[in-house]
Each structure stands twice: as structure tokens, then as C-alpha cells.
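Reading through the C-alpha cells given below for one structure.
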Ligand code: UTP
């Protein structure tokens, strides 16, 4: 059973400057909830109760968010404002939170490796909180992926079809279809130019990784931009036939940039806030 979920949250969030100068990108609110809270809720809904967060300098607000504020609790006790804290209280009572710091921002692969002492030798999920994923029709995206992991027992990565002109923003896969929306990955390219992309199936910020990934990351040389990419380590797993890509059911908003963030805000306002499901 997968219990652990790692949130790499040490990045600088440069696409959202100046908002992210002194505030973690993961704390940007989508309507009334910070991005990371949506991610932790999705993890808990998938049965992942051990939350590990890789933070960095200037990210202390993340730890404060997943803690009790006694003054605030005392202030609103017995008033109708208590409803605003129901969601976060559920997370605090049902999940454990642990943190480690990435001291040099050497890429997503490096951030995941930094989380190794919190994860140990077991399969785990990874959520990039700036990819907000929702599915109004049924299971959340991580729940869908955990079910697949339980069936296939190998690394599962979430993919979506993107505009072929935008492949240079993503890791892109090639592989053979093995079922509905499922591919066995054979090749992967990090941020290919459209003419070099093997497909338009792009990796998004949800993964279930088997723990051999840590040693593979260790052996990975820095790639594009001097960063240690997770794609390079996944590629080695894929060569052994151990990576399945899954075209998930639901929607994903890239909240690391203004356009996706505004779309997510409008979506959550209509579907959660106005309908009273936002707390
Ligand atoms: P991004 O590519 O979105 O990087 O990282 P970023 O630095 O946060 O944002 P921009 O591009 O500068 O605007 C994907 C995820 O990996 C984490 C980020 O926090 C984000 O959740 N990350 C990235 C780390 O934790 N450490 C790193 O060294 C790099």
C-alpha cells in the first residue's frame, strides 16, 4: 500500500515574480485555498496520509499552513466562520507532515532525491502542487494512479495531450498503447522542440515512483539548464519496461503561470466556491 506523498516545493517560481519573491508559489491562493492544500487533499483522498514536503529558503509559510493557529482557532470558536477551517482541520488530523530542505535548487530530480530520507525504501507518489488537477466526474487523479499502481506495480506517470507547438514546455513520451489511456513508455525527451517531439503526450506533475528511482537519479548527470531532471532517471526505468504513462481523467491547470492560474481560479470559483464545496 502506498502511504507517502512527496511534494517538491523548493523551486523559485520565477514565472510568478514578483508575487513569489517572499512567498512560496505553492501558497498562491486559488480562490480561497493555497495550491498546496488542493494537492494534499488529493493525496489524502487517494489514501496517502504521510505527507513529505521538500522546501527551501523563504518557504516557512508552508509549515505554518499545516499547523494549528491557536489564536485564530480561539478567535473564531463558536462562530459561523469555523466552517472555513473544516478542510484544513481534516488534513491536520488525518495526515502527518514532515519536511526537509533543498539547499541548492538543482532541479526536480534533485529535489526528489533530497526527499529520500523522508520516503525510505518504498513506492511513493509525487505531486507538483502548481499543477492543479481536478476530476468532477469521479476519482481524483492520484486515486486513479494508485489504483493503476496496485495493478501494475511499476512507476506510473500522468500524461495529457498538449498542443504540438507546446512540447518544449514538457517531458514528452513515446511508447506502445497497452490499454485504454495506458502506454508502456519506451522513450522520453525533456522539453523537445515540436519537430523533435516523439508525440504530443506530455508528462504533468503527478507521479508514482518505485524507490529504485533514487539510485537512478543519483547516477543522472545534470541535463538541460544544469538541472538534474527526473525525466532522465525515468528514462532508465523505462528502458527496463517499468514505466507506464496514464492519460488521466479530469483536468489539469498549470498554475505556475498566469494563464493557467486564472483558468484554475475561474474553474474553482464556479465549481467549488459558489457551490459551497470550497472549505
Ligand atoms: P518548475 O519547473 O515549476 O520550477 O518546477 P519553479 O522554479 O518552481 O518555477 P519557475 O519555472 O521558475 O516559474 C517544478 C516543481 O519542482 C519543484 C518546484 O517547486 C515545482 O513544484 N522544484 C524545482 C524543486 O523543488 N526544486 C528545484 O530545484 C526545482
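The values are calculated or read from the model by the stated rules, or taken from the named source; none is laboratory data. This structure is a prediction, so every number in the text was calculated from the model and none was measured. Cβ coordinates were reconstructed from backbone atoms using ideal geometry, including for glycine residues, and neighbour counts include every protein chain displayed.
If you go through the stretch 210-220 one residue at a time, do you hit one that is modelled with pLDDT of 95 or more, assigned to a helix (DSSP H, G or I), in contact with a strand residue (DSSP E or B) (Cβ under 8 Å, 6 or more places away or on another chain) and more than 13 Å from the ligand (Cβ to nearest atom)? Yes, the conditions are met somewhere in the stretch 210-220. Set side by side, the residues 144, 151 differ, and just one is away from the ligand (no atom under 16 Å from the Cβ) and under 16 Å from the mean Cα position of the chain (by Cα), which is 144. When residues in the stretch 72-122 are screened for being under 16 Å from residue 7 (Cβ atoms), in contact with a strand residue (DSSP E or B) (Cβ under 8 Å, 6 or more places away or on another chain) and either within 14 Å of the ligand (Cβ to nearest atom) or touching a residue at least 60 places away in the same chain (Cβ under 8 Å) (or both), 11 of them pass. Selection of the stretch 228-279 for residues being touching a residue at least 24 places away in the same chain (Cβ under 8 Å) and part of a loop (DSSP other than H, G, I, E, B) yields 228, 229, 241, 242, 248, 249, 250, 255, 256, 257, 278, 279.
Counting only helices (runs of 4 or more DSSP H) wholly contained in the stretch 57-128, the ones carrying 1 or more residues that are farther than 29 Å from residue 233 by Cα and out of contact with any helix residue (DSSP H, G or I) (no Cβ under 6 Å at 6 or more places or on another chain) occupy 60-65, 70-76, 86-94.
Of the residues 207, 170, 183, the single one that is under 21 Å from residue 124 (Cα atoms), out of contact with any helix residue (DSSP H, G or I) (no Cβ under 6 Å at 6 or more places or on another chain) and crowded, with 22+ Cβ neighbours inside 10 Å is 207.
For the stretch 1-27, the tally of residues that are more than 20 Å from residue 140 (Cβ to Cβ) and either part of a strand (DSSP E or B) or within 13 Å of the ligand (Cβ to nearest atom) (or both) stands at 16.
Criterion applied to 21, 59, 3 was being within 30 Å of residue 227 (Cα to Cα), at pLDDT below 95, surrounded by 12 or more Cβ atoms within 10 Å (Cβ to Cβ) and over 14 Å from the mean Cα position of the chain (by Cα), and the one residue passing it is 59.
For the stretch 123-140, a residue qualifies if it is farther than 17 Å from residue 211 by Cβ, crowded, with 21+ Cβ neighbours inside 10 Å and either more than 10 Å from the ligand (Cβ to nearest atom) or free of Cβ contacts under 8 Å to residues at least 24 places away in the same chain (or both), and the qualifying residues are 132, 133, 140.
Going by what's in this entry, would residue 107 be described as surrounded by 20 or more Cβ atoms within 10 Å (Cβ to Cβ) and at pLDDT 95 or above? Criteria not met by residue 107. Looking at this structure, is residue 53 within 16 Å of the ligand (Cβ to nearest atom) and crowded, with 18+ Cβ neighbours inside 10 Å? Taking the combined requirement at face value, the residue satisfies it.
Would it be correct to say that residue 91 is over 23 Å from residue 211 (Cα atoms) and either crowded, with 17+ Cβ neighbours inside 10 Å or modelled with pLDDT of 95 or more (or both)? It is true that residue 91 is over 23 Å from residue 211 (Cα atoms) and either crowded, with 17+ Cβ neighbours inside 10 Å or modelled with pLDDT of 95 or more (or both).
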